[in-house]
Amino acid sequence: MVIIMSYNKLQILKTTVNIGLDAPVRVLHVTDTHIAYDDPVRYSGRFKCFETEDDRGQTLDYLRQATEYAKREGITIVHTGDLIDYLSDENFRLVDKYLDGVDYIYAAGNHDFCHWVGEAKEDAAYKWEYMPHSAPHFKSNLIFDSRVIKGVNFVTLDNSYYLISDGQVDMLRAEAAKGYPIVLCMHNPLYTPGFAELTDGDTLVNCGIAVVGAPVEYLARYSLHRRKQQTPDEATLRAIRYIKSEKLIRALVVGHKHMNYEESLDNGVPQITTHGTFAGFVREITFM
Ligand SMILES: [Fe+2]
Ligand SMILES: [Fe+2]
């Protein structure tokens, strides 16, 4: 293994989001770190890493820079999933090491339950097979959790397989009943026309890769596999209606897309997507 001696500097985007607070609340949005270290004995050579041999250690150093910045600033990290790229003992050892003593809340990503990407259909049975391996290494409940920070309720909710359950919505309603403004933190963004029409030159860059609640005409662009994977069920459609109708949900903070993107849902609520730590990005968000 080649360990490089000097690493790139982390880019810390700064974004202000007005959600009607009397005093500002800052957090550091970190997402899609994709720590990708094989276990030499069990998995050697079977995985493509986000890092190459030429920049080995860079992702971990970006994560180190992020956690040190958050500690220095005295702010909580909101991590929206894919901290690891796949399950391995070495990845979990690194999670334990790099997040020891770090103040963070966590919304699960699809890779956090994944033995390795693409090995099987990612459904509830698959998730729960690997949940016992993953859950002990994260400080938040991976299905649903919340924490009030200076009067803002940061709610984390697992939508990593493009679905939201009625039970999660029941818990979200219970959070709303507490009366605090809510920032909803999830791995996958909700569908917006903006995502649907994003292009890279002439190419629809996001076609088939990942939003929750895409309408039929957008899903029609997907491959059959992606269409089956990402078609919302009735509970998910109910959840989206509730999320958009709940006046206390003031902002969404999401990942998964591996891009920096700021927009609003059709009800005017901002949805902030941040690029992956592996690519050298985090975002300091000041809620006002
Ligand atoms: Fe990711
Ligand atoms: Fe993801």
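The values are calculated or read from the model by the stated rules, or taken from the named source; none is laboratory data. Worth saying up front: this structure is predicted, and the values here are computed from it rather than measured. Using ideal geometry, Cβ is built from the backbone for each residue, glycine included, and neighbour counts are taken over all protein chains shown.
Overview of results
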item: Helices (runs of 4 or more DSSP H) completely within the range 74-183 that count 1 or more residues being away from ligand 2 (no atom under 14 Å from the Cβ) and modelled with pLDDT of 95 or more; result: 89-98, 166-176
item: Residue match in the range 213-225 (condition: touching a residue at least 60 places away in the same chain (Cβ under 8 Å) and within 16 Å of ligand 2 (Cβ to nearest atom)); result: no
item: Lone qualifier among Gly255, Gly194 - being surrounded by 15 or more Cβ atoms within 10 Å (Cβ to Cβ), of a type outside the set (Phe, Trp, Tyr), modelled with pLDDT under 90 and closer than 26 Å to Phe154 by Cβ; result: Gly194
item: Candidates Val2, Val27 - the one that is closer than 20 Å to Leu83 by Cα and either in a loop (DSSP other than H, G, I, E, B) or at pLDDT 80 or above (or both); result: Val27
item: Subset of the range 229-254 (residues that are within 16 Å of ligand 1 (Cβ to nearest atom) and either out of contact with any strand residue (DSSP E or B) (no Cβ under 7 Å at 6 or more places or on another chain) or within 11 Å of Gly213 (Cβ to Cβ) (or both)); result: Gln229, Gln230
item: Scope the range 212-234; condition more than 21 Å from the chain's Cα centre (by Cα) and of a type in the set (Gly, Ala, Ser); matching residues; result: Ala220, Ser223
